[in-house]
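For reference, the structure discussed in these notes is given below.
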Amino acid sequence: MTNAAITPSPLLPRLLATSRRFFRWVASPHVVLSLIMLAVMFYMVIIPLYRMLMTTITFQENDLRYVRDAVAGEFTAFHWLRMLTSQISKIMTYEPLLHSLTISLGATLLSFTIGGAMAWMVVRTDMPGRKIINVLAVVPYIMPSWTIAMAWKVLFNNGTTGGVPGVLMFVTGQAPPDWLSFGPLPIIVSSALHYYTFFFLFVSAALMSIDSSLEEAGELAGASRWRILRKITFPLVIPALLSGFIMTFSKTMGTFGGPNVLGVPVRYYTLSTMIRSNTTISAYGDAFVLAILLILFSMLTIFLNQKIVGTRKSFETIGGRGFMAQKTKLRNWRGFLTTVIVIFQVLIAVLPLVLLVWSTLMLRTGDYSLSNLSLAHWIGKSDVSINSGEPGVLRNPAIYRGAWNSIKLSLYTAFFTAFLGVILGYAIVKGRGTRLAKIVEQLAFIPYVIPGIAFGAVYISMFTKPVGPIPPLYGTFALLVVVSVAKHIPYSSRTGVSAMLQVGRELEEAAAVAGANAWQRFWRIIFPLTSTGFVSGFLLTFITTMRELSLIILLVTPTTAVLASMTMRYIENGNEQQANAVIILLITLVLIGNFIISRFRGGSLKKGLGM
Amino acid sequence: MATTITVKDLTKRFGDVIAVNRVNLTVEPGSFLTLLGPSGCGKTTLLRCIAGLEDPDEGEIYIGDKLVFSHAKGISIQPGHRDLGLVFQNYALWPHMTVFKNITFALEIQKLPKSELEKRVKEALAEVQMSGYEDRYPREMSGGQQQRIALARMLAYRPKVFLMDEPLSNLDARLRMDMRAELKHLHHVAGATTVYVTHDQVEALTMSSKIAVMKDGLLQQLDTPDRVYHYPANLFVADFIGNPKVNLLDGDANGNNSVTVGDFKVEIATYGMSGKAVVAVRPEDIAISTRPDPGAVEFIAYSVLPSGADSTIVAHRGDIEVTVRVMGISKIRLDEKIWLKFDQQALNLYDKESGNLVVAK
């Protein structure tokens, strides 16, 4: 390049020009917001992860019990050696790891079978009643993930580990075998019945987007239906299948509720429940080693997902609006299949609730006959013979506090999350193509790869001590809000970005030309145009936060307890009926919230469940 | 009140791509300059640089006496302080505001009194013949109406410079014709210096006082429509302007005021040039005859395409193809022998290697 025309100017003006350019860059709104977001995410994600890692390689106060000459704060490989190579590593690490993998794989395969088959039937066959099935498919997912696990216990508890004997035992008079009451099988089934919604949504969306001409071309070439399904349809939906696989897998890896209800009583520990049991005895170093393992596994699955799906993405959403010309004819099976599916859906949506409600109405535990029904657990006064003297749920101030905490937490989280979403969306979209925006986008993705319980663990390490000007937050309600907001960052940035992409950049440029400054542009143009995204992000976060357990279970204290964590506390104390009553309350709140959402968004919860 | 726009040595890069490459141009006060070129030539980027929506990597921009951008001095004035209005290709009306709000947005920021707002809206809407549409939302109007509102929005705050980025390209052909006439009239009434971006040569030729033809970020020619059409500065401009396209005949110049094309000679001023050359002749500058004529060259009619007001005839002689345009419906039949005579006054000669117009030294 020839620069002969540009005469070298003296140093001072050149410096002045450079600094002017720099300040203009820094002062441009997306850069300012990007930098703020970087700081926020650094504080909410990076520092906690760093602290967590440091905890695993230094001695903690707690370790002085095991290692005589340990000095708290000094470097050590103690935790890693202990968790990975010592005698207890089998019980502490490898068995839980194996269990986690078993459950995840089992639940994923089962939900794939249920969800995939249902999606195919709904989208690609002439089955009647597709609308009902579509609606019902979302119901189990709306409820807290451990609802079915708790209902399972009501149905199948065999009393070997104490607790209220199940309905089955009451009816048959015999204790169901252990493998049916507790352990891997119940956990797998109850998780799959919750997570099959993912597959259902993913696969039906993928199937719907396939351009039917691709299949018709196969048909014209003389291929049989089965061959078309195998050679054309299936390869086309593979990316969606894989995404569903990975998501279900990593979700179940980090899930806490189900394994805690159905695994812990028979000492069937998973990584998540083992992390919890370590933190309850303040063995943070050990707990964090497990949390890091969990994070690594989650990262591995997501990495694999991108590796495999990434190369196939090229034909991901084939052809756009595919119009389904032909559907497989089910002939005589039509009515039958619909009936089976709807009955199945109603069963997994309604039966758990019926069981849970029923159990809360029993006066004497284990007696499911009608004569034993009573409202004692709901409105009874404190009575030492019932529930170790706890008053009925609706008379119990602790429950009201929990409910209020749940609502408060969800409101705060939803508000901050939606707000962050708009800002992140703006920063990322306006900075598209710049390195800064890329960094922000990638950082915003990190919480996604950290399973809920591990994320909670990360926050223990962060906030037991002050960070800069910020006081130690451990045990405070604010910490629950912070962790919930942080965990939602990946989703909020996604909704923010897609909302912002809806707003053509000319709309803001037109305002800039008209003389509006960044503030005016944001409040008068950008915000009004993205507010629908803001509202739907808000509502969705509200619901998901309400039924979040894994994330906060390690961080709640009796005063900050929310309904979700209270169900666990009651179960652990052996007050199962109390727990069941609380989860019914929680489900009621969630359903009310959900009703409000569907009023706001025309009944489409699916959109937001995309991930 | 009209103002000059001066662009000096302007360069804008996007990564490795040089979108605007050391462009120099001046827009006279009150004139209508069109930036013309194929997509990706940098015309829109140049306009956005002038508007202040992009920061160039080198060079300077003046609007009037005001330095609005200088890389060397590190100056870049905000778009809102450059005293210009911009009409976007897709109108960019704010969908959540009524027509009234859309128009008064800029005026409110200038804190004009309410009575003035109403007066300005009335005037602006009258100018674009959209009176009475104050309370409509953008989605309640057709594309053409939205375009008029976008114009009114710009007119209402009376900027010294109008910038327009392919404002008519989203309209259908009929409406585009009407809007061309109106835009030209509006420019005449308002008298503001205007920079207009288009890839449509007809638009450029019909509306501009000057056309700047661009390609690959480089300014190819800056001249009046007349001269751009009749004296294209290089082969790219010659080929880009004109429909049907100009005939470009490869030949050998002998330095003696004639060029050998295939097996015939074309008389043309060569200004001493010799070697590989290209003769450019517009289809309408060729006379056609069905009888031999002194100085005419025999061709075979390969295709005849009448289109009402005129007809296009494609003629062959060996490998040489020539397109001719004649008025009215042509009676020439296919494969008929025809004799073509080039209008010597209208011929242009280009150096094959450099592609540049050969002119008197």
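The values are calculated or read from the model by the stated rules, or taken from the named source; none is laboratory data. This one's a predicted model, so the numbers in the text were calculated from it and none came from an experiment. Ideal geometry is used to build each Cβ from the backbone, glycine not excepted, and the neighbour counts take in all protein chains shown. Accessible surface areas use protein heavy atoms only, side chains included; no ligands, DNA or RNA. Shrake-Rupley method; radii C 1.70, N 1.55, O 1.52, S 1.80 Å.
Just a few scattered comments:
- When A:Ile103 is tested against the conditions (1) within 29 Å of A:Ala175 (Cβ to Cβ); (2) assigned to a helix (DSSP H, G or I); (3) open to solvent by 10 Å² or more (accessible area, probe 1.4 Å), the lone failure is (3).
- For the stretch A:74-95, the count of residues that are assigned to a helix (DSSP H, G or I), of a type in the set (Lys, Arg), more than 32 Å from the chain's Cα centre (by Cα) and more than 14 Å from chain B (Cβ to nearest Cβ) is zero.
- Within the stretch A:62-73, the set of residues being assigned to a helix (DSSP H, G or I), touching a residue at least 12 places away in the same chain (Cβ under 8 Å) and surrounded by fewer than 18 Cβ atoms within 10 Å (Cβ to Cβ) comprises A:Asn62 only.
- Test: residue in the stretch B:284-306 that is out of contact with any His (no Cβ under 7 Å at 6 or more places or on another chain), assigned to a loop (DSSP other than H, G, I, E, B) and surrounded by 14 or more Cβ atoms within 10 Å (Cβ to Cβ): yes
- Any hit, the stretch A:406-420, residues being in a helix (DSSP H, G or I), over 23 Å from the mean Cα position of the chain (by Cα) and either of a type outside the set (A, V, I, L, M) or surrounded by fewer than 21 Cβ atoms within 10 Å (Cβ to Cβ) (or both): no
- B:Gly30 out of contact with any Pro (no Cβ under 9 Å at 6 or more places or on another chain) and at the interface with another protein chain (Cβ under 8 Å from one of its Cβ atoms): no
- Restricting the search to helices (runs of 4 or more DSSP H) fully inside the stretch A:486-587 and requiring at least 2 residues that are open to solvent by 10 Å² or more (accessible area, probe 1.4 Å) and more than 14 Å from chain B (Cβ to nearest Cβ) gives A:527-546, A:563-572.
- Every residue from the stretch A:457-485 that is within 17 Å of A:Lys408 (Cβ to Cβ) and either touching a residue at least 40 places away in the same chain (Cβ under 8 Å) or assigned to a helix (DSSP H, G or I) (or both): A:Gly475, A:Thr476, A:Phe477, A:Ala478, A:Leu479, A:Leu480, A:Val481, A:Val482, A:Val483, A:Ser484, A:Val485
- When the strands (runs of 3 or more DSSP E) confined to the stretch B:40-123 are screened for residues that are open to solvent by less than 10 Å² (accessible area, probe 1.4 Å), closer than 30 Å to A:Arg20 by Cα and within 12 Å of another protein chain (Cβ to nearest Cβ), those reaching at least 1 such residues are found at B:66-70, B:84-87.
- Hey, B:Gln129 surrounded by fewer than 21 Cβ atoms within 10 Å (Cβ to Cβ) and at the interface with chain A (Cβ under 10 Å from one of its Cβ atoms) or not: no
- Qualifying residue in the stretch A:229-248 (condition: open to solvent by 10 Å² or more (accessible area, probe 1.4 Å), part of a loop (DSSP other than H, G, I, E, B) and out of contact with any Cys (no Cβ under 6 Å at 6 or more places or on another chain)): no
- The residue of the stretch B:135-187 that is surrounded by the fewest Cβ atoms within 10 Å (Cβ to Cβ), among those that are among the acidic types (Asp, Glu) and in contact with a strand residue (DSSP E or B) (Cβ under 8 Å, 6 or more places away or on another chain), is B:Glu166.
- Residue that is modelled with the lowest pLDDT [pool: residues in the stretch B:11-39 that are in a loop (DSSP other than H, G, I, E, B) and under 25 Å from B:Gly242 (Cα atoms)]: B:Ser39
- Selected residue [within 30 Å of A:Tyr269 (Cβ to Cβ), touching a His at 6+ places or on another chain (Cβ under 9 Å) and assigned to a helix (DSSP H, G or I)] from A:Ile188, A:Ile148: A:Ile148
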